[in-house]
Amino acid sequence: MHAALISSFEATPSGRSLREHALDALATAVLVRGEDRRIVYANAAAEHLFALSSRALASRSLDELVAPSAALESAIAKAIAARAPCREQELSLTLGGRPPLPVACTASPLDDGTRVLLEFRPIDQELRALRDERVREQQQANRELMRSLAHEIKNPLGGIRGAAQLLERELDRAALVEYTQVIIAEADRLRALVDRLLGPHRAPACRRMNVHEILVRVKGLVQAEFPAIPVACDFDASLPEFDADPEQLLQALLNVARNAAQALASTASPEIRFVTRVARSVTLGKRRHRLAVAIRIEDNGQGIPDAIRERIFYPLVSGREGGSGLGLTIAHTLVAQHGGTIEWTSTPGRTVFTVLLPLAHEETEGRPT
Ligand SMILES: Nc1ncnc2c1ncn2[C@@H]1O[C@H](COP(=O)(O)OP(=O)(O)OP(=O)(O)O)[C@@H](O)[C@H]1O
Ligand SMILES: [Mg+2]
């Protein structure tokens, strides 16, 4: 269908067909990338998104418009290989000099794949809410699976550990005791992993608390572990105290902050910033809140690896040597237990994780704020 559309544009370059009007009326930015990676078509929403006229867009290559993005290239390659649209790749578009813009992108091959139609939709709050919902559902399913698996793993593991201990008492050669020690240590490691996979095992014990005190504790812990990384604080003094479980919140924020510090290992002038702000009219879960607290943890590291961007909140997903891939899963669960969520954006040189927690004055979905 797209091929026919484009040919009809080419056939009547001066006249504006109904189809062309229709494409221009779309809120979605549409580009067609032709041979040599040059843009051969842009609709009105694309002109708006890239702040260039379609004439100016037409002479450019895609690489001049957006910073090189492995996720975008892989979406295009997949679409061409499968000869079918590749949808909903979330990308961060870096458009000349402007802050990175999170967008959802669909790539569809036209004709034999020399031309590719690209649709870019800036991700609004609803889309983010949908993504959040997906993570919640996935985590619920994981928890149920883990609960039954944990039972199956922990019982025999206890048996193995006990038997190794009994065996150890019978052994008279130190060299053999080393082996039973390995069995015991590995059994303990596996048990600790299963416990972490099971996630937080208690409901939050909420009390009125000051989030800035928690962040100062997180800063102290991060600086003790990574003394070379400066942590700057930009706190909104007008932020009210609110009800939360301070230990759980500390754990969640520490997990996010440690990731930031670990991502800065090879950065020349590393810096982490903790920022707090009041956020207005925020949808968390399915509820809209007039007020929320936004806690941002920013770093200037290399960014989240493209290969795991879609899955960072899932258990055992890690882009880091030696990482167990549980820090963000746990942080997300703890924050969700408080009715909040975690959002993020990431481009090389700037990654921002935002923990959003509801403040008072909850409103049900759909009511005006
Ligand atoms: N600020 C960040 N910058 C770059 N990559 C990040 C950042 N935060 C998270 N990531 C990526 O997300 C992955 C998942 O993080 P997560 O905290 O869940 O697991 P982990 O850090 O690998 O292991 P652990 O269980 O020890 O926390 C990380 O391995 C890293 O690749
Ligand atoms: Mg981590």
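Throughout, read-outs are computed from the coordinates displayed, never taken from laboratory work. Model, not experiment: these values are computed from the prediction. Because the Cβ atoms are built from the backbone with ideal geometry, glycine has one as well, and the counts that use them run over all protein chains shown.
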Once the other residues with Cβ under 14 Å from the Cβ of Ala261 are scored (Lys, Arg +1; Asp, Glu -1), what is the net sum?
0
Which of Phe226, Phe353 has the fewest Cβ neighbours within 10 Å, and the rest in rising order
Phe226, Phe353
Output ordering of 294-304, 189-199, 169-179 (per-residue mean of other Cβ within 10 Å, highest first) is 294-304, 189-199, 169-179
Ranked on Cβ counts within 10 Å of their own Cβ, fewest leading, Ser61, Ser318 go Ser61, Ser318
Which one, Leu95, Leu239, Ser61, is farthest towards the positive end of the dipole of the chain when Lys and Arg carry +1 and Asp and Glu -1 on their Cβ?
Leu239
Quick check: residue separation of Glu168 and Arg320 times 0.36 nm, minus the Cα distance between them. What number comes out in nm?
51.1 nm
Compute the acute angle (0 to 90°) between the alpha-carbon long axis of helix 211-225 and the principal axis of greatest extent of the alpha-carbon atoms of the chain; round to the nearest 10°.
70 degrees
With axes computed from alpha carbons, what is the tilt in degrees of helix 246-263 against the longest principal axis of the chain, rounded to the nearest 10 within 0 to 90?
60 degrees
Among the aspartates and glutamates, select those whose C-alpha is under 18 Å from the C-alpha of Lys286, and discard any that sit fewer than 8 residues away in the same chain.
Asp124, Glu126, Asp132, Glu133, Glu137, Glu343, Glu362, Glu363, Glu365
Answer in debye to the nearest 20: the dipole magnitude of the range 127-198 about its Cα centre, from +1 Lys/Arg and -1 Asp/Glu charges placed on Cβ, is 400 debye
Please give the charge dipole size of the range 207-363, origin at the Cα centre, charges +1 on K and R Cβ atoms and -1 on D and E Cβ atoms. Round to the nearest 20 debye.
280 debye
Dipole magnitude (debye, nearest 20) for the chain, charges at Cβ of Lys, Arg, Asp, Glu
480 debye
Environment charge of Gly327, counting only residues whose C-beta is closer than 12 Å and scoring Lys/Arg +1, Asp/Glu -1:
+3
Using alpha-carbon positions, the gyration tensor of the range 211-339 gives root eigenvalues a ≥ b ≥ c; with a/c under 1.5 called rounded, otherwise prolate if a/b exceeds b/c, else oblate, the class is oblate
Which one of Ser148, Ala185, Leu284 is farthest out on the positive end of the charge dipole of the chain, using unit charges on Cβ (Lys, Arg +1; Asp, Glu -1) and the Cα centre as origin?
Leu284
Could you sort the peptides 237-245, 43-51, 24-32 by per-residue average Cβ neighbour count (10 Å cutoff), highest mean leading?
43-51, 24-32, 237-245
Spin-label model distance (nm) - Arg208 vs Ala67, 7 Å beyond Cα toward Cβ
4.4 nm
Please check which bits of the range 16-41 a label hung off His48 would reach, taking the label as a point 7 Å along Cα-to-C-beta and the cut-off as backbone N under 20 Å.
17-32, 41
For the range 14-92 and the range 176-227, what is the centre-to-centre distance using only Cα atoms, to the nearest Å?
46 Å
Please compute the net charge surrounding Leu250, taking Lys and Arg as +1 and Asp and Glu as -1 over other residues with Cβ under 10 Å from its Cβ.
-2
With the convex hull built on the Cα atoms of the chain, state its orientation-averaged projected area in nm².
24.8 nm²
At a Cα cut-off below 21 Å, give the lysines reachable from Lys219, other chains included and same-chain residues fewer than 8 away excluded.
none
